[in-house]
Amino acid sequence: MSLLFVLVACISLLCSVTAVLQVRQIGWAVWLWFFSGWVTGELAVWFIGLQMMFVALWVVIVGTDSWGFALGLSSFLAAWGLLGWALRDGFDAGTAFHRALRLALGADFTSHIPETRRAKLTQQIHSQEWLWPFRFRRPGVRYVRNLSYASSGKRGLLDIYTPVTQGERRPVLLHVHGGAWMMGHKSHQGQPLLHRMVEMGWVGVSINYRLAPRDAYPAQIIDVKKAIAWVKTHIEEYGGDPDFIVVTGGSAGGHLSLLAGLTSGHADWQAGFEGMDTTVQGVLAMYPVVDLTNRHGIRQQARMDGFISRKIIQQTREAAPEVFEDGSPISWIHRDGVAAAAPPVCIVQGTHDSLVWVEEVRRFVAEFAPLTSVPLVYAELPRAQHAFEIFHSPRTSHFLNAASAWLEWVRAQHGKQKTLSQ
């Protein structure tokens with residue numbers, strides 16, 4: 001019995017270490033480190049509570065006289081200290097978001113948002129939200145499921161989230177799921193953000209798209225373009241504004257969102273719908289892949305580069321250099337007129353992301369920011385892991401507050417420009 005107590009304590013301590021320690025160069029074991037650090041860090045309050053209950057029950061049922069109790073208790077105490085550290089970082093994430101928004105948009109940026117919209121914003125986070133990580137549904141949200149936007153079967157379907165109250169010309173948030181371009185589903189990611197924005201009067205759209213290795217890249221970005229074209233054609237039927245679409249996503253979804261924002265009208269990705277307008281009015285990218293070529297040698301993971309070549313693009317860089325270049329957002333920002341014409345962009349990245357290295361995103365932001373004609377917001381979150389905002393947590397609540405403020409600012413700026421052009 002003592003061995004069981006010690007074993008549970010040691011596993012708990014190890015999981016807590018993954019939540020606060022940055023580790024990336026451990027081969028394919030990095031996926032295990034990511035998963036453990038992600039779940040443990042974002043659910044730290046739950047892990048602390050469950051582990052305390054385990055210790056309390058052990059004391060009541062087994063007692064404290066066994067040989068391993070002191071060792072196990074010491075491990076649990078160390079784990080709780082690390083989990084408390086992770087929890088503190090989650091609660092403090094609002095500071096990083098607030099600083100990023102003020103730095104890029106100005107200290108008074110919210111004053112540019114109409115008062116009726118500004119009243120819906122908040123800087124507070126509430127336990128009724130972050131204490132229930134997987135409670136996504138809201139009573140004020142109506143769902144329209146599995147609408148077809150492309151002839152790709154289940155991978156060509158999208159869902160629409162709308163307020164239950166009647167309205168028209170509502171701003172549209174188009175979500176593109178992540179999953180290394182190989183997995184993922186429209187209903188498994190983006191739920192906290194979609195529901196928050198629909199509660200604020202937006203229309204949400206979440207799409208599937210074709211996946212590798214069955215469909216090699218660039219099938220994925222072509223599908224995103226098709227979805228944008230479909231939204232522009234049909235979203236008025238659901239109360240949305242076809243002239244105002246912000247695209248968002250994380251990881252591979254962040255990569256595709258950035259590409260969509262930078263490459264409107266790129267003919268190679270619009271075969272069969274060349275005449276359709278695929279411009280978007282904003283990009284909210286979380287922990288995005290920004291370079292398929294690793295041109296600066298930042299990513300010290302040969303396995304990752306090999307994975308992209310074998311599984312995603314299914315060609316070597318030497319055989320298809322244009323596919324790798326066109327698939328890299330960092331390549332597009334240096335092409336004539338692209339950065340200057342880009343819509344407002346907000347990028348969110350965690351410093352402890354095991355899968356998308358923070359140094360790559362920093363380099364992208366450093367190269368992109370001086371070239372844009374509109375402010376680029378970059379929020380870097382201390383000790384945040386990949387996929388931090390997929391379910392509710394204190395950090396996710398701060399992200400939702402900041403994302404909604406930025407989205408409303410983009411909406412207000414678009415409204416001003418539209419008024420001036422009339």
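The values are calculated or read from the model by the stated rules, or taken from the named source; none is laboratory data. Just so we're clear, the structure is a prediction, and the values are computed from it rather than from any experiment. All Cβ positions, glycine included, derive from the backbone under ideal geometry; neighbour counts span all protein chains shown.
See the values below:
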quantity	calculated
Top-ranked residue in the stretch 290-300 [being more than 22 Å from the chain's Cα centre (by Cα) and on the phi < 0 side of the Ramachandran plot; ranked as modelled with the lowest pLDDT]	Gln300
Residue list for the stretch 40-71, filter: free of Cβ contacts under 8 Å to residues at least 24 places away in the same chain and among the aliphatic types (A, V, I, L, M)	Leu50, Met53, Val55, Ala56, Leu57, Val59, Val60, Ile61, Ala70
Selection from the stretch 15-54 of residues that are part of a helix (DSSP H, G or I), at pLDDT below 95 and on the phi < 0 side of the Ramachandran plot	Trp28, Ala29, Val30, Trp31
Residue under evaluation Ser66, criteria (1) out of contact with any Pro (no Cβ under 6 Å at 6 or more places or on another chain); (2) assigned to a helix (DSSP H, G or I), criterion not met	(2)
Ser12 vs. criteria at pLDDT below 95, among the hydroxyl-bearing types (Ser, Thr, Tyr) and farther than 15 Å from Gln385 by Cβ	no
Matching option when the condition is closer than 19 Å to Pro394 by Cβ and surrounded by fewer than 17 Cβ atoms within 10 Å (Cβ to Cβ), among Leu32, Leu50, Leu57	Leu50
Test: residue in the stretch 128-135 that is surrounded by fewer than 12 Cβ atoms within 10 Å (Cβ to Cβ), assigned to a helix (DSSP H, G or I) and acidic (Asp, Glu)	no
The stretch 161-179, residues that are outside any loop (DSSP other than H, G, I, E, B) and more than 17 Å from Val280 (Cβ to Cβ)	Tyr161, Thr162, Pro163
Any hit, the stretch 116-124, residues being among the aliphatic types (A, V, I, L, M), within 14 Å of Leu400 (Cα to Cα) and either in a strand (DSSP E or B) or modelled with pLDDT of 95 or more (or both)	yes
Count of the stretch 19-72 residues which are hydrophobic (A, V, I, L, M, F, W, C), farther than 15 Å from Ala9 by Cα and in contact with a Ser or Thr (Cβ under 6 Å, 6 or more places away or on another chain)	4
Those helices (runs of 4 or more DSSP H) lying entirely in the stretch 305-373 with at least 3 residues surrounded by 17 or more Cβ atoms within 10 Å (Cβ to Cβ) and over 20 Å from the mean Cα position of the chain (by Cα)	321-326
Residue match in the stretch 225-247 (condition: polar (S, T, N, Q), within 23 Å of the chain's Cα centre (by Cα) and either crowded, with 24+ Cβ neighbours inside 10 Å or in a helix (DSSP H, G or I) (or both))	no
Unmet requirement for Gly272, which otherwise passes all of (1) on the phi > 0 side of the Ramachandran plot; (2) in contact (Cβ under 8 Å) with a residue 60 or more places away in the chain; (3) surrounded by fewer than 15 Cβ atoms within 10 Å (Cβ to Cβ)	(2)
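For (1) more than 20 Å from Trp269 (Cβ to Cβ); (2) surrounded by 23 or more Cβ atoms within 10 Å (Cβ to Cβ), each residue gets a yes or a no:
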site: Met183; (1), (2): yes, no
site: Val198; (1), (2): yes, yes
site: Asn208; (1), (2): no, yes
site: Gln220; (1), (2): no, yes
